[in-house]
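Asker: Structure incoming, see below.
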Amino acid sequence: MWTIGLKTRTIILCSITFAFFKLLGYFEPNYRVERIEEEEDVGDFKAFITSSYYYPKSQSLGDNALAIVMNINQKRRHWFDKTLYEIEKKPLITIRAINLTSTKIITTSYERITLAGNKCLLPSVFLTVQLLPNTLSVEFLGDNQQNSVAIPFSIPPTTKYDVVVCITPIFVAENWQSFLFAMHIYKKFGAFVNLYYISSIDSFFDLIRIYEDAGYLTIQPWVTIKMIGVDKNELDAFQQVEFRNQAASQTDCILKYKETAKFVACLDMDDILIPKLAPTFIGEFNILLKNAKENSYLIYPKQDYYGLTVNNFNNFSVSSMFQSLEQQNCTKSGKIVTDPRMINYTWIHWTYQKVRRIKVQENKITHLKKLEWLESFPKSNKSSNISIMNEMNMLKDIEEDWQKMQKKVDLKKPLPKEQFYAKVVGDCYMKNYYSYISAESAPPFCSGPHYCEYPQRSDIKCVHSDARYDFVPQMSPITYYFAVHPRFNSSYGCYS
C-alpha cells in the first residue's frame, strides 16, 4: 500500500532522529562541566506563570503546599567537547502567603523542567513551598519586599480517577478522526482525558465539546505566553518557548491530578496507548510496576503505524481504522506514564527528577504517523494486528460505543475533509527542525510551531484559546506575568 521510497525515507529519518538525540545526550544526559566561560547578562528576570495550585492536603507535596510552573528567561548556554552544561544564576523567589490570622514569607529557588542545551530562552521551571492553612492570597515579592504582585491560584479538582490521559496542546487541529479513535479507546480501557487546547477548526472544536459534555474528557485552554509591556527586541516570549510549552502542559497535568489519579499518561493526540498485558490501563500499569523496588515511572516507546481513515463523519468507523493499520519499522522516543505522587514535573519524554525510569519492553504506543484520508473505507476481512483487540470482543465494544455517540453528534458545520494545516505544519517542521536533525546539527533557534506561517482561508475558521493579560508592576530580580479568565475565541484566526 505504501511506496518503498516512503518507507525508506521513514526509516532513514527515524535512524537519524535517534542518532541525533543520542549525540545530544537526550537518552543519558551528561551534566559534567569541562570548561566555563563568561555568559551574557540578561538583566532582571521575567517569568510567566502557567500553573499555580494550592493543596490543603497532599501526600507527596505536604499539606498547605503551593506548586508553581512558570517560564523564566535564562543565561545563554554553550556546548564544549560534546558535553552539555549550562551556567544558570537562579534568582531567589520570595513568596508571601496570607490567611485570616497570619502572614508567612518564604524564600526559595526552582528546578528546571525542560531539557538543557536547546536554544529556547524561556525554559519551564517548577517550584513548591509550604504555605499557611487556609491560605487566602499569595504574593510574589521583589527585592527588600518593597514591591509585590498577587498571583491567582486554584485548588486542584477532587474527582477520583484510575487513569488520566493528558493530551498535549493541539493547534490548528484538523485530525478529528484521531480524536474519535483515541476517545473511544481510552474510555474502553478506563481512562479519562484532559485535553490541552490551543486551536482547531471550528467544527472540530464543536465535536470536542460534545464529547466533553458526554464525560469523555475535559478541555483545558492552553494560553499563549504574553508579557505585556516587554519589547520583542528585549525578549520575544512567544518565540522563545519550546514546542508550544509542551513540558509545562504535561507538568500541569501531573500537578492537577496529583492527589486524585492513580496514574497519569502524557501523550500526543496521535499517540494511542492500548494495554496489552491486561484488559485495563490500571491493570497493565500495576503489572509493570509490581516488582519495582523503588519509586519508579514508566516510559512506553512509540511504534509508527500507517493507516486509512475517511473524510466523511458518517462513514467513520473505529474498527475499520484499526484494521487498516500497518506497522512500520520505526520505534521512537517514548512517553511517560506515572503515579503522579512519584514525580512533580516532566519534560516531553521523561523527567529529570531522581526517580527510577522503567523502559517498557512488553508494549509500545501506537503512533498514528500517517493516515490517508479516503471517502470510505475499503472492504477488509483483516483482524486487528494489536492482539488484545481480538480478545474479549474489545474492538466490538469500542465500535458499539462509537455508534452510540455518532447518533448524538449534531454539528452545524461539516468536519474538515482535507488536511490543509497538517501539511503546512509538516513542511514547516521539516524545514525548521528535521532538516537540521538530518544534517546532525542542532536547530539554530528555539523549535516549535511559532516559526510556521499559517495562511488564513475564508472557508476555514478556527477556535483559539484566549485569556486576559493584565499589566503588572516591574520588580527586581523577577517580574511575574500571568493570564486570567482563560476562554475560547472564534475571531482570533487559525494560528498556533
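Quick note: the coordinates plus some simple rules give every number you see, no bench work behind them. Computed from a predicted structure; not experimentally measured. In this analysis, Cβ positions are derived from the backbone assuming ideal geometry, glycine residues included, and neighbour counts consider all displayed protein chains.
Asker: Within 14 Å, Cβ to Cβ, of Glu375, how many net charges do the neighbouring residues add up to if Lys/Arg are +1 and Asp/Glu are -1?
Answerer: 0
Asker: Here's something else I'd like to know. Roughly how many nanometres apart are two label points built 7 Å out from the Cα toward the Cβ at Leu92 and Tyr436?
Answerer: 3.7
Asker: At 7 Å along the Cα-to-beta-carbon direction for both Asn233 and Leu132, put a label point, then send me their distance in nm to one decimal.
Answerer: About 4.5 nm, to one decimal.
Asker: What distance in nm separates the simple spin-label points at Asp427 and Lys226, each placed 7 Å from Cα in the Cβ direction?
Answerer: 2.9
Asker: Can you tell me how much longer the chain between Ser148 and Lys104 gets when fully stretched, taken as 0.36 nm per residue apart minus their C-alpha distance, in nm with one decimal?
Answerer: In short, 14.4 nm is gained.
Asker: Highest mean first, how do 482-492, 270-280 rank when packing is the count of other Cβ atoms within 10 Å averaged over residues?
Answerer: Final packing ranking: 270-280, 482-492.
Asker: Oh, and also: Which order do the peptides 179-189, 99-109 come out in when sorted by mean C-beta neighbours inside 10 angstrom, highest first?
Answerer: Per-residue Cβ counts within 10 Å, averaged per peptide and sorted highest first, yield 179-189, 99-109.
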